[in-house]
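To start, the structure under review is shown below, and the notes come after it.
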Amino acid sequence: MKVLFVVNNYYASGNGLSASARRTVKYLKEAGLDVRVLSGRNHEAETPQPEYVLKDFKVPVFDALVQSHGYKFAKADIAVIEEAVKWADVVHLEEPFILQMVTVRIARHFGVPCTGTYHLHPENLFCSINLGDWKFLNSNTLRIWRDMVFNLCTDIQCPTENVMERLRAFGFKSRLHLISNGIIPDASIRPQKPDEDPDRPFLVVCIGRLAVEKDQPTLLEAMKYSKYAKRIQLYFAGRGPEADAIKARAKALYDEGIVAYEPIFRFHDRDGLRQLAAKADLYIHCATVEVEGLSALEALQQAVVPVIAEGDLTATSQFALDERSLFPTHDAKALASCIDYWLDHPVEREEMGWKYAESTEEYDISKSISALIRMFEAAASTR
C-alpha cells in the first residue's frame, strides 16, 4: 500500500508533532508499507529531504513566533501536491492547516481517500498569543478544521479518549479510531538501588517546550509552598518562545532564597532525556493543553514517578496510576502537596516508579502501527 504523509515541517527538531510523524513513517516502512512525504524542505541538513518538496511559507506578522516553536509552514504548490496525490493509495494528513485543506480537495478530485491524525487543539496555537481562553475563537477554529479537513477524511486517528470525546461533541463525522501515537520500547536504565545520600538535592524534572500551554511557571510557583523547596534541584529540559520569561522567574526564585539550587535549563536529544529521567526523583507535567504527551510516557519508561496536571484539554493525566500523581491545572499549592507527599515517601516512590515503567508497555508503537495499518486499509477500500 502506498501512503502519502502530508506535514508542513517534517524535519523540525524539538517539535513533538514532527517527531511523531518521523517515528510513525519509519515504523510503517519497516512494516512493509510504501510511504512518501509531502513537506517543506529539511533546513537542518542537506539530507534527507522529503520525496515531494514544498517551498516555505512565511506567516505574516507571526512568522518569528511560529519559528520560535521550532516550526515552519509550507506553501501549497498545486503541481507538487497533484504529483504526490496521484502516486498514493491513501493520503494521510498530519495537520489541519492550509496545506492540508488544499491537499484533501485535490485528493477528492482524483478519488484518493484521505485519513488524518488529530495532533493538536486550537488552544495549542492561540495560547501563544494569550487567546487560549477565548472559547469563541477556539471553538470556531475547530469547526473550520472539522469542515475544511477532518470531515473530508474517511478516518481520523484520535491519540486519546480525551480527544475522541471532544471530536464527537463537535460533530466530527469521520470514523474515529482510538490509537496512541505510541512510544519506542525502551528498557529502564535507572539504578535498581536508589541513591540514599541524605544530603543530596532531589532532582525534579520538567520536560517539554517552554511555551504558555506547558505552564512551567506553576512548577516554579509551587516551590513557594513546598517544604522541600531548598532541597529541590529543578531541571527544565526544553526550549521555546517563553524561555526568557521562565528563566527570569526561575532566577528570581533563586535570588529570593526560595530555592537553594538555581534551576537548570537545557535542551536534550532523546537519549539525553532518557538519561535525565533515569536520574530524576520526580517528573512534573504541568501542561494545560495536551493531546497526548509522549514526552511524559518516555520519561515514565525510566521508572520515575510523575505528577501530572489534570484538566479538560490535557489528556496526559490518563497516564497517572492514582490520585497521588494528579493535581488541578494551574494549582501550585496542590502541586506542592503532591511533590511533598512523594518526597516524604521514598520507598513508595521507588516501588511506584517501577509500576509506572511497566504501565508504559501498552503504548508500544508496534501496537499503534498495526492499528494505523488497519485504518489505512479501511480507507483504501473506499477508493
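What to note about this one:
- The set of residues in the range 62-95 that are modelled with pLDDT under 95 and of a type in the set (V, I, T) contains only V66.
- Any hit, the range 29-50, residues being part of a helix (DSSP H, G or I) and loosely packed, with under 15 Cβ neighbours inside 10 Å: yes
- Identity of the residue in the range 211-237, modelled with pLDDT of 95 or more and assigned to a loop (DSSP other than H, G, I, E, B), that ends up surrounded by the most Cβ atoms within 10 Å (Cβ to Cβ): D215
- In the range 250-274, the residue that is surrounded by the most Cβ atoms within 10 Å (Cβ to Cβ) out of those that are among the charged types (D, E, K, R) and closer than 21 Å to Q302 by Cβ is R274.
- Test: residue in the range 250-264 that is in a loop (DSSP other than H, G, I, E, B), within 21 Å of T329 (Cβ to Cβ) and of a type in the set (F, W, Y): no
- When L294 is tested against the conditions (1) over 15 Å from the mean Cα position of the chain (by Cα); (2) modelled with pLDDT under 95, the lone failure is (1).
- Among residues of the range 352-383, those that are hydroxyl-bearing (S, T, Y), within 18 Å of L33 (Cβ to Cβ) and assigned to a helix (DSSP H, G or I), counted: 3
- The single condition from (1) among the aliphatic types (A, V, I, L, M); (2) over 30 Å from P122 (Cα atoms); (3) in contact (Cβ under 8 Å) with a residue 60 or more places away in the chain that L294 fails is (2).
- Within the range 238-249, considering residues that are part of a loop (DSSP other than H, G, I, E, B) and of a type in the set (G, A, S), the one surrounded by the fewest Cβ atoms within 10 Å (Cβ to Cβ): G240
- Failed item in (1) closer than 24 Å to P241 by Cα; (2) touching a strand residue (DSSP E or B) at 6+ places or on another chain (Cβ under 7 Å); (3) at pLDDT 95 or above, with I98 passing the rest: (2)
- Pairs, first free of Cβ contacts under 8 Å to residues at least 12 places away in the same chain in the range 224-244, second surrounded by 18 or more Cβ atoms within 10 Å (Cβ to Cβ), C-beta under 9 Å, six or more apart: D244/L210
- Residues in the range 332-383 that are among the polar types (S, T, N, Q) and within 20 Å of the chain's Cα centre (by Cα): S359, T360, S366, S368.
The values are calculated or read from the model by the stated rules, or taken from the named source; none is laboratory data. This is a predicted model, so every value here is computed, not measured. For neighbour counting, all protein chains shown are included, and Cβ atoms are generated from backbone atoms with ideal geometry for every residue, glycine included.
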